[in-house]
Amino acid sequence: MTTVQEKAYAKINLGLNVLGERKDGYHEVAMVMQSIGLADDITIQEGEGITITTNLEGLSCGPDNLAHKAATSLASFAGITPNVHIHLDKHIFMSAGLAGGSTDAAAVLRGLNKFWGLDLSTKDLLRIAAELGSDIPFCIEGGTALATGRGEVITPLPDLPEAIVILAKPKGLEVSTPWVYNNYKEERVLCIPKIYRMCEHIKDGAHAIWPFFGNVLETVTIPRYPVIASMKAAMVSAGAYYAMMSGSGPTAFAFADSEEIAKKAVEALADFDVETAVTTTVGRGK
Ligand code: C5P
């Protein structure tokens, strides 16, 4: 095969609850994850060893890049001497809580499975993905899913009916996921999201899951970066709803019932020094 192209969709968390600390240093979580249309484009071609290029200045293309690690892991799992050049055309905001690095790694696993004609099952890819990072298995599956364990145990859910999503991330602000988890304190959480109730109502659409939503990691990231709360308020004042932080942040998202409301929300965000995008939710298999 000469060229393989894969879309690497970003994710948002429709709900995120932390259930406790684990012996392995991670936290037990229950999350509802959702793919969105904001995506990186991954191109795989023949090369020597594993080489990576990207359009994004400052992004390491060496062995520390998750996409590089994914290629190395798959080659070793399949007993292959790697021979690939991978180009990452980045559009997803960096260190944003949108799984940008994780989704590129997942797309590399899916793409190399085709490029090398391995015919590995999704189950095999999920196992390799879980060793590389907690969010990568979801990015293999995509769509709408419940993620439990440390985030790597994926239960697919019916697709959330398509909804318009507005995203906003303070420019240049990067939040470290380990820092957020290390500073999480259960007693600071006032409202626990009802993750399992949310799962039951996913098929009824974004308005139906609204009563069950929440992200407990907001209690760590927002006090440190209050601009996230201000961005949420700006989107809601423009008519958007379900405004919440994604993952460990700092991206905030909200849903809009029309393109017009989304446009107004982006205008309301103009007072902040932010990157914005308007996209939609994406179903499984897209
Ligand atoms: O799995 P991943 O490499 O993405 O996790 C990065 C870090 O985030 C972990 O080393 C850990 O500090 C924290 N984490 C956690 N509990 C999770 C997921 C991540 O404590 N469920």
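Quick notes
- Karplus 3J(HN,Hα) series, Hz, for region 172-186 with 6.51 cos²θ - 1.76 cosθ + 1.60 (x for Gly, Pro): x, 8, 10, 10, 7, 4, x, 4, 5, 5, 5, 9, 6, 10, 3
- For region 1-160, the Kirkwood hydrodynamic radius from C-alpha pairs, put into Stokes-Einstein at 4 °C and a viscosity of 1.567 mPa s, yields a diffusion coefficient of 82 µm² per second.
- Annotation: the residues 68, 91, sorted from fewest to most other C-beta atoms within 10 Å of their own C-beta, follow the order 91, 68.
- For the chain, the normalised intensity computed at q = 0.10, 0.12 Å⁻¹ comes to -0.50, -0.73 (log10 of I(q)/I(0), Debye sum over alpha carbons, equal scatterers, no solvent).
- Estimated purely from DSSP H runs of n ≥ 4, each contributing -39500 (n - 2.57), the mean residue ellipticity at 222 nm for the chain is -9000 deg cm²/dmol once divided by its residues.
- Lysine pair number, Cα distance threshold 18 Å (strictly under), region 73-221, separation 8 or more or different chains: 4
- Karplus (6.51, -1.76, 1.60) ³J(HN,Hα), θ = phi - 60°, over region 270-281, in Hz, Gly and Pro reported as x: 5, 6, 9, 8, 10, 8, 10, 8, 10, 8, 9, 5
- Computed over region 36-101, the quotient of the alpha carbon radius of gyration and 2.2 N^0.38 Å is 1.14.
- C-alpha long axis of helix 66-78 to longest principal axis of the chain, angle in °: 40 degrees
- Extension reserve of the residue 229-residue 187 stretch, reckoned as 0.36 nm per residue once the Cα distance is removed: 13.1 nm
- Extent of region 132-286 along its three principal axes (Cα atoms, max minus min coordinate, largest first): 40, 35, 30 Å.
Here, each number is a calculation from the coordinates, and none is a lab measurement. Computed from a predicted structure; not experimentally measured. Neighbour counts run over all protein chains shown; Cβ positions are idealised from the backbone, glycine included.
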